[in-house]
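Trainee: After the structure tokens below, expect a handful of questions from me.
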Amino acid sequence: AVVSTQSTGENSILEWRDLLGPTSSHRARETHPESLRAIYGTDDQRNAVHGSDSQKGAEREIRFFFPNAIVEPISSGEQATDYLVKNVMPVLTNGFVELCKVKPDDPLSWIAEWLLANNPNKPRIDEPTA
């Protein structure tokens, strides 16, 4: 399975790469045993996860994985907080409330499906009327 995500914010590339650990899974096990690559990687080629190494690389990869995304300057500070409070937090709050009510056996898959079904920005197709 391939899961693509896009993260924004000050230092998001560095923070994400810190979570991933060194590119080499073997080195990650030695130096960053709690990192994702140390835990899930098998070798230097199958290191489990990928993260952009620079802003330029991130912009290129965002355009590849999310071709309809608009890559704009990254918001920060109060502007980013306002956006998250207005657009992201309400959806996540509703999703996690439902997750707590349902208590599924596989909460990660459940919340992923819920977010897909309840994405307020998902494309809408208007059927032609006769």
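Trainee: Using packing as a proxy for protection, rank 7-15, 20-28, 103-111 so that the peptide with the highest average count of other Cβ atoms within 10 Å comes first.
Mentor: Descending mean neighbour count gives 20-28, 7-15, 103-111.
Trainee: Moving on. Tell me, what ³J(HN,Hα) does each residue in the stretch 54-68 have, in order and in whole Hz, if you take phi through Karplus 6.51 cos²θ - 1.76 cosθ + 1.60 with θ = phi - 60° and put x for Gly and Pro?
Mentor: 7, 4, 4, x, 4, 4, 5, 6, 4, 5, 6, 7, 10, x, 8
Trainee: Across the stretch 40-53, in residue order, what do the Karplus-derived ³J(HN,Hα) couplings come to in whole Hz, using 6.51 cos²θ - 1.76 cosθ + 1.60 with θ = phi - 60° and x for Gly and Pro?
Mentor: Couplings: 10, x, 10, 7, 6, 8, 10, 9, 6, 9, 10, x, 4, 9 Hz.
Trainee: Going through the stretch 53-130, which GluC sites (Glu not before Pro) have at most 12 other Cβ atoms within 10 Å and a DSSP loop state?
Mentor: Numbers: sites: GLU59, GLU61, GLU78, GLU98, GLU113; in loops: none.
Within the stretch 53-130, no GluC sites (Glu not before Pro) qualify (loop, at most 12 other Cβ atoms within 10 Å).
Trainee: Please give the charge dipole size of the chain, origin at the Cα centre, charges +1 on K and R Cβ atoms and -1 on D and E Cβ atoms. Round to the nearest 20 debye.
Mentor: On the way: 13 positive and 19 negative charges, 30 e Å.
Approximately 140 debye in magnitude.
Trainee: Here's another thing I want to ask about it. Calculate the spin-label point distance for ASP43 paired with SER4, positioning each point 7 Å from the Cα along the beta-carbon direction, and give it in nanometres.
Mentor: 2.7 nm
Trainee: Give me the number: length gained by fully extending ARG17 to LEU92, i.e. 0.36 nm times residue separation minus the C-alpha to C-alpha distance, one decimal in nm.
Mentor: Roughly 24.6 nm would be gained on extension.
Trainee: How much space per residue, in cubic angstrom, does the convex hull of the C-alpha atoms of the stretch 60-130 take up?
Mentor: Per residue, the Cα convex hull of the stretch 60-130 comes to 171 Å³.
Trainee: Consider the candidate values [x] 15.6; [y] 15.1; [z] 17.5; state which one is Kirkwood radius over Cα pairs in Å computed from the structure displayed.
Mentor: Comparing each candidate, only [z] matches the computed number.
Trainee: Rounded to whole Hz and in sequence order, give me ³J(HN,Hα) for the stretch 114-119 from the Karplus expression 6.51 cos²θ - 1.76 cosθ + 1.60, θ = phi - 60°, writing x for Gly and Pro.
Mentor: 4, 5, 4, 6, 10, 5
Trainee: If you average the C-alpha positions of the stretch 40-58 and of the stretch 99-116 separately, how far apart do those two centres end up, in angstrom?
Mentor: Here the answer is 27 Å between Cα centres.
Here, each number is a calculation from the coordinates, and none is a lab measurement. Keep in mind that what you see is a predicted model, and the values were worked out from it rather than measured. When we count neighbours, we look across all protein chains shown, and the Cβ atoms used for this are built from the backbone with ideal geometry, even at glycine.
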